[in-house]
Structure formats: C-alpha cells, structure tokens
Amino acid sequence: MTDTQKGANMHSIIQAVAHWSAQTPDTLCAADSRRALTYGEMFRLAAGFADDLISSGIREGDRVVLRNSQDTAYVAATLGIQLAGAVSVPLEKNVAEARIREICESTDAVLYLAARPWEEGKLRQMKISEALQHEADDAVCAAMRERAEQIPEGKMAEILFSTGTTGKSKGIVLQSGNNIAVAQNIIEGVEMKKENVELIPIPLSHSHALRTLYAAMLNGSSVVLMDGVVFVAKVFALMEKYQVTAIDLVPAALAMLLKLAPDQLSSWDDRLDYVELGSAPIPEGDKAMLCRLLPGTRLYNFYGSTESGRTCALNFNDGVVRRACIGKPVSNASCEFFGSDGKRIEASAEHPGVLAWRGPMNTPGYFHDEEKNRELFRDGSIITQDLAYQDEDGMIYMLGRQGDVITCGGTKIAPTEVEEAADSIPGIAETACVPEADEMLGQVPKLYYVLEDGANLTGQDIDEKLRGLLEGYKVPRTFVQIDRLPKTYNGKIQRNKLK
Amino acid sequence: MDELENVLRTAVPKVKDWRTSQNYLEDGVIDSIDIISMVSEISDHYDIDIPSEEMEAENFCSLQSIYDMIQRIL
C-alpha cells in the first residue's frame, strides 16, 4: 500500500502517528532546538499523556485550552489531548490575559495547559512540559493504538479561534476528518515526499502551521520547529543539523528572512525541495526576490481559510507569470461561484462571482454560533468574501475581497492589480490600494505607499509611472505616503484601517 | 549607551524604558518585528551591517547586549 493510499484510510492525525510509530518508529517526527522525537517516541509520549489525562478525569469531548510553546511538547500535548478524546483549543504564545479568559469561558474549558501557570487560576492547570514526562509502556501503547483506530472522522478534534482584530473571536470547529482532508490537500499541493524534513518557524497555534505539521505526520515525514526566523543564525544551524528540505512560511516571516539573510537562504537552493507560503497575500516584490534567490526550488502559495483549508496551491516559480492567480483546486476541493443575488453563476473575468468551496476539509461550523453558521454556508458550500473566476484550464483568478474590490463607475477594479503595478516601480517598498468615495463614480482607487530607504518619489511621480502600466481608470486618484502599512501578525494588510 | 538608547527610541517609539528589562523578548518589551526595525535603525546610524551570525536572541536582550554586539561589529 502506498503512503497516499494509507493516508486516505486514516480518520485522524493521531491514528496516522500511531501507524508510523509501528511502521517507521525510528524516523524523526518532530524536533526543536532542545530535543528530537521519532515517531516511536512521539506516540509513546502522546499515549502516556492521554493516559494521564483520562486517569485525571478528562472525558470525551472536554475542551482543553493549550497555549502554544512552539516545541515538541506542544505537539505531544496536542496529540495526547485528541487521543484522550478531548478537544484541543490552541492559543497563541503571546496571548493577552483577556483573550485567555474569553476563550476558556466560551469553550467551557476544563483544563489549561501552558509553559507557565495563568495567574487567575480558577481553572485546573498543567504545565505543557508534562506532556513529555511519561512514555507509555507497551500495554498502554497497545491500548492507545486501538483507541486511535476507533476515532471516527466526525469526532471534534479541535476548535481554532480566529485572531480577530475587532470584536469577538470566532471558534472554528475542526473534526478529525477535516484535519485529514486538509493534510491531504497540503501533501498533494506541495508534492510532499516521505523523506521531506520541513522547517516550521511560524506559530503552531495558527491554522496554517498546525496543518503543515498535520500533513507531515499524515505523510510520515519530519518537521523541525522554531519560534520565528528573526534569529537567523539559529534558523540555519537547525536547518543544517536536521538537513531540512522544505520551509513553511507566512509573508511576514518571509520578509524577515529576505531582509536578514538573503545570501544564506540562496545558498540552500540546491538542498530545498520547496518553500510553502500562505495565510496572507505575498507582496509581489518579495515573491520576485524569492524566485531570484531560489531558482531551483518549488515555491508554493496556498489559498484557503481556517474554515476551508488549503483548497488551492500555485507554484509561482515555474517561469509563468499569472497575475492574481491562486492556482488550481486540489483533489478534495471543488469550487463554485455565486452572484450578488445569491444564485450560482458561471463566473468570468468580466463577471466575477463570490467564491465558495465544497469538500471534506470544510468545517462543520462555528462553535456554538448558529447565526454565524447561517452566514458561513450557502447550499452546503462555505462561502468566502473573495470575488473570483475560473478559466478554461481550471485556474482560479482572484480580484480581491468582496468589500475591497473597487467599483468605479460600475467597473470593478482589483486592488491587487493596482498594488502589483505600483510595487513594480523602483523605489516603492509596498502599497495598499483601497476605495475612496467619489460623488460621480461611486468609488475611485486610493493608494497608500511605503518608500524604500533613500527613495524619493512623490504621488505625481507614481501617477505618471502607473499610467504606463494600467488603464487610466485604474490609476489611483489619491496617493498617501506612510511609514508602514498596518498589518496583522502574519502579514495581512489591515485595509479597514486605511479606508 | 545614551546614543544607542536614542537610536532604539527612534526604531521602536512605543518602548519608553530600555534600561529596566534585561530580557526584552521574554518580558514582552519587543517582538520580532521590532527587532527588524532595530536592525535597520542600528545599521543606518552606525553604518554597519549586522551579520547573520550575530542575529542571536542573546544579542537583543538588553541595552548592554546590543551595545556589546555593535562594539564587536564596529
């Protein structure tokens, strides 16, 4: 049986880890700067921790809030919680007290796991390092292996909370089968091999990195965990130590690597199979620089959301320029488009539709939030806010978020197209294009721009250059220079703050 | 040291006190994006390139450790 066929028979990630712990027990599962755990060791620790949790009264479906420590203990704890039948609720490493309280209360959590105790302390607490304390013996391992086999696809595995810059966070429920399907999407999207060793230097509390971890574990391959890329000496030392062949990044981490160690990154071109990116759009300048530094490496940009993960992948280093393209849907995912009247349409470049997804990666819904669930689904598909269309080759092209697309005198302008053109002008570091109200046309484009160090461009200079790159109606009416674009931690531009 | 403090103030204006903490990252005084701003400002001000082998957490944990790193590079 091939690895892929095996993956198709799995119902949960812990079942896959149990499988590999028997098949390839000495293969590296996960390493961090302090320790390395093989599949055999990882399953014994997860089984031991699950056994401890069950003995201490944790029951099927109980919610366990788990604060990210970005190391092997976090991986073992996540697997142990899910093996015990409980539901893991990841929290960011640098989470604010108010958010811990909000999430513990809204999920009715019974246990809080973290590197350090939470001072408020009404809830039962454990140190996350306890997940590494107890290796299960053979008898417990055998019982836990059987338990892992019995976990159904429909079992709630985790609740992922959106970071939410405004208002209350949304808790997205993921079942065991959803995690398997997303992991398959990634394995297919990047053509992951069993021998791959992937560096994950971005937060495991966030769906993007967590799912890369799951993909590696479904595939029986290896991951190396790091807390960020800013300390590049350590990054490359760890890459060397574990002979890394792939890297998972978000745009903000990519930007740091490009700034701090472009030459060192480039020296890895013949050793890397691929770099995968996702979670936010990558600035065109960074994409181009990465292609220049790693000409022989596959460079993937993933499209997806926590609700419907990793549905499209595009290798943007194959020599073909495809503006605004997000790639082809992976096998698990099928897309459809809705018009402004809420009915299905055949979307085209002239008449884009709202993109929606169908497939086993789709969340069953938000935790205890029927109102939001009604907004999330349309005819059984998960509806996005993205305006897009699919061409005859199956490639999907995205114009932008529904609220971000600029309707200028009835014609739609993709802010990304304006930004890509502006970003290509020498001296411009990055830009954000947003709608500005206009009495005559309804909306017109407005451009915020950040200059590179030492550059000296005025709005008028940019206007002149853009007229050679874009149709006249797409050239912004207003130009505003700012020091830094407002962004979320993973590099997504916070357009609302610019409108 | 006063000069360096002014450079860091320019790089990360939100931080008012650079002297109390001896572990900026652990204490949540700065994050990784702030370090990028600090690297840019230090490079410009002292006209140096911080080599990647100096990009270690220990070199960015206090005013003294940053000062020592700059002295090594100058």
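The values are calculated or read from the model by the stated rules, or taken from the named source; none is laboratory data. All values derive from a computational prediction rather than experimental measurement. Positions of Cβ are generated from backbone atoms using ideal geometry, with glycine treated the same way; all protein chains shown enter the neighbour counts.
Among strands (runs of 3 or more DSSP E) lying entirely in region A:399-499, which contain 2 or more residues that are within 31 Å of the chain's Cα centre (by Cα), of a type in the set (Phe, Trp, Tyr) and not assigned by TED's automatic domain parsing to the domain that holds A:Ser205? Show your work before the answer.
Numbers: elements: A:406-408, A:411-413, A:428-438, A:442-451, A:478-481.
Per the criteria, A:442-451.
Does A:Asp263 satisfy the criteria of being within 21 Å of the chain's Cα centre (by Cα), at negative phi, assigned by TED's automatic domain parsing to the domain that holds A:Ile100 and charged (D, E, K, R)?
Values: within 21 Å of the chain's Cα centre (by Cα): no; at negative phi: yes; assigned by TED's automatic domain parsing to the domain that holds A:Ile100: yes; charged (D, E, K, R): yes.
Judged against the criteria, A:Asp263 is not a match.
Against the condition surrounded by 14 or more Cβ atoms within 10 Å (Cβ to Cβ), more than 12 Å from every other protein chain (Cβ to nearest Cβ), touching a residue at least 24 places away in the same chain (Cβ under 8 Å) and among the aliphatic types (A, V, I, L, M), how does B:Ile70 come out, does it pass?
Working: surrounded by 14 or more Cβ atoms within 10 Å (Cβ to Cβ): yes; more than 12 Å from every other protein chain (Cβ to nearest Cβ): yes; touching a residue at least 24 places away in the same chain (Cβ under 8 Å): yes; among the aliphatic types (A, V, I, L, M): yes.
The answer is yes for B:Ile70.
How many residues are crowded, with 18+ Cβ neighbours inside 10 Å, part of a strand (DSSP E or B) and not small (Gly, Ala, Ser) when one looks only at region A:91-129?
5
Take the conditions surrounded by 20 or more Cβ atoms within 10 Å (Cβ to Cβ), among the charged types (D, E, K, R) and either modelled with pLDDT under 95 or in a helix (DSSP H, G or I) (or both) and apply them to A:Asp393. Does it pass?
Values: surrounded by 20 or more Cβ atoms within 10 Å (Cβ to Cβ): no; among the charged types (D, E, K, R): yes; either modelled with pLDDT under 95 or in a helix (DSSP H, G or I) (or both): yes.
No, not satisfied.
Which residues, counting only those in region A:339-369, are over 25 Å from the mean Cα position of the chain (by Cα) and either surrounded by fewer than 16 Cβ atoms within 10 Å (Cβ to Cβ) or part of a strand (DSSP E or B) (or both)?
A:Gly339, A:Ser340, A:Asp341, A:Gly342, A:Lys343, A:Arg344, A:Ile345, A:Glu346, A:Ser348, A:Ala349, A:Glu350, A:His351
Could you please tell me which pairs satisfy a Cβ distance under 9 Å, a separation of 6+ or placement on different chains, a first residue in region A:95-114 that is closer than 10 Å to A:Leu66 by Cα, and a second residue that is of a type in the set (Asp, Glu) and part of a helix (DSSP H, G or I)?
Partner pairs satisfying both residue conditions: A:Leu113/A:Glu130.
Just the residues that are at pLDDT 90 or above and more than 10 Å from every other protein chain (Cβ to nearest Cβ), please, taken from region B:42-66.
B:Ile42, B:His45, B:Tyr46, B:Asp47, B:Ile48, B:Cys61, B:Ser62, B:Leu63, B:Gln64, B:Ser65, B:Ile66
Scan the strands (runs of 3 or more DSSP E) fully inside region A:130-233 and keep the ones with 1 or more residues being over 30 Å from A:Lys259 (Cβ atoms).
Values: elements: A:156-161, A:171-175, A:197-200, A:222-225.
Filter on region A:130-233 gives A:156-161, A:171-175.
Here is a check on your reading of the model: is A:Val275 crowded, with 24+ Cβ neighbours inside 10 Å, in contact (Cβ under 8 Å) with a residue 24 or more places away in the chain and in a loop (DSSP other than H, G, I, E, B)? Before you say what the answer is, go through the steps one by one.
On the way: crowded, with 24+ Cβ neighbours inside 10 Å: yes; in contact (Cβ under 8 Å) with a residue 24 or more places away in the chain: yes; in a loop (DSSP other than H, G, I, E, B): no.
Taking the combined requirement at face value, the residue does not satisfy it.
Return yes when A:Glu240 is away from chain B (no Cβ under 12 Å) and more than 30 Å from A:Ser308 (Cα to Cα) and no when it is not.
Working: away from chain B (no Cβ under 12 Å): yes; more than 30 Å from A:Ser308 (Cα to Cα): yes.
Yes: the conditions hold for A:Glu240.
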